[in-house]
Every structure is written in structure tokens, then in C-alpha cells.
1. Name the residue that is surrounded by the fewest Cβ atoms within 10 Å (Cβ to Cβ), counting only residues in segment 76-116 that are among the charged types (D, E, K, R) and not in a loop (DSSP other than H, G, I, E, B).
2. Identify all residues within segment 64-74 that are without any contact (Cβ under 8 Å) to a residue 24 or more places away in the chain and surrounded by 12 or more Cβ atoms within 10 Å (Cβ to Cβ); write none if there are none.
3. Would you please name the residue that is modelled with the lowest pLDDT, looking only at residues in segment 29-70 that are among the charged types (D, E, K, R) and assigned to a helix (DSSP H, G or I)?
4. Taking only pairs six or more apart or across chains, which ones have beta-carbon atoms under 9 Å, a first residue in segment 37-55 that is farther than 17 Å from residue 80 by Cβ and among the basic types (Lys, Arg), and a second residue that is at pLDDT 85 or above and part of a helix (DSSP H, G or I)?
5. Name the one entry in 10, 73, 16, 26 that is part of a loop (DSSP other than H, G, I, E, B) and either under 21 Å from residue 106 (Cβ atoms) or at pLDDT 85 or above (or both).
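The values are calculated or read from the model by the stated rules, or taken from the named source; none is laboratory data. Here the structure is a predicted model, which means the values were calculated and not measured. Note: ideal-geometry Cβ built from the backbone for every residue, glycine included; neighbour counts use all protein chains shown.
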Amino acid sequence: MTYFNTKKIALLAGVAGAVFAGAANAAEINIYTTREPALVQPLLDAFTKESGVKVNTVFMKDGLAERVLSEGASSPADILMTVDAGNLVDLVEKGVTQPVESDVLTKSVPAELRDA
């Protein structure tokens, strides 16, 4: 595995750890994503192999924010992964995101790229 892939796995682990902070044994996470399956699935498979955490993925081309809004508080989504920053802004503006506290993310993502 290359350094680049290890860094991506560490980042995903940081997100997963933040999502499951306080949970004794996080056996699986649910990701809703607009990324092409062929682009993201190898990363998710490597994460599962390295961490033992099962990743359930829902791939969708459009309508991510609308789906999460319609599911409301009962949405099973733990992580929303988008293709671009515009989609992230849309999710934030529609109020379907929440803050994430993670040392891994704080160290890996420059402050100017993190939302206040």
C-alpha cells in the first residue's frame, strides 16, 4: 500500500472514529456518497480490511441532500461523501450536517479547508 492510500485510510478512520465516539464497538458505518463506485470502493475495502469495520455504502448520482432531508433524524447515514465542495455547501445550507471532532482530521485537514 502506498503512503497516499494509507493517509486516505487514516482520514476515513478519523471520520469513523469521530462518528462513533462513545460507541463501545463500532462494527459498521453507513456512507452515502455521490462518488463513482469504482473510485471510492477500493478505499472502503482497504479500510474494512485494516479496521475490521464494515462499510455499507449507498451510491447516488443526484439527490443526496434531498434523501437525507426526507429521512430526517432516522437517516442511517453516518458519513456524507460528495464529489465537490459545492455539494458540501448545499448539505450544510440544508442543515443535514453536524460538526465532527477528530484529532486525525484536525491534523490532516488544513484549518483553511475546515468549516468553522
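1. Restricting to residues being among the charged types (D, E, K, R) and not in a loop (DSSP other than H, G, I, E, B), the top hit is 112.
2. Result: 66, 71.
3. Taking segment 29-70 and keeping what is among the charged types (D, E, K, R), we get 35-36, 45, 49-50, 54, 61-62, 66-67.
Among the residues that remain, those that are also assigned to a helix (DSSP H, G or I) are: 45, 49-50, 66-67.
Values: 45: 88, 49: 85, 50: 82, 66: 92, 67: 93.
Checked segment 29-70; the qualifying residue modelled with the lowest pLDDT is 50.
4. Close Cβ pairs (under 9 Å, with a partner that is at pLDDT 85 or above and part of a helix (DSSP H, G or I)) amount to 54/48.
5. On the way: 10 fails: part of a loop (DSSP other than H, G, I, E, B); 73 fails: part of a loop (DSSP other than H, G, I, E, B); 16 fails: part of a loop (DSSP other than H, G, I, E, B).
Going through 10, 73, 16, 26 in turn, the sole match is 26.
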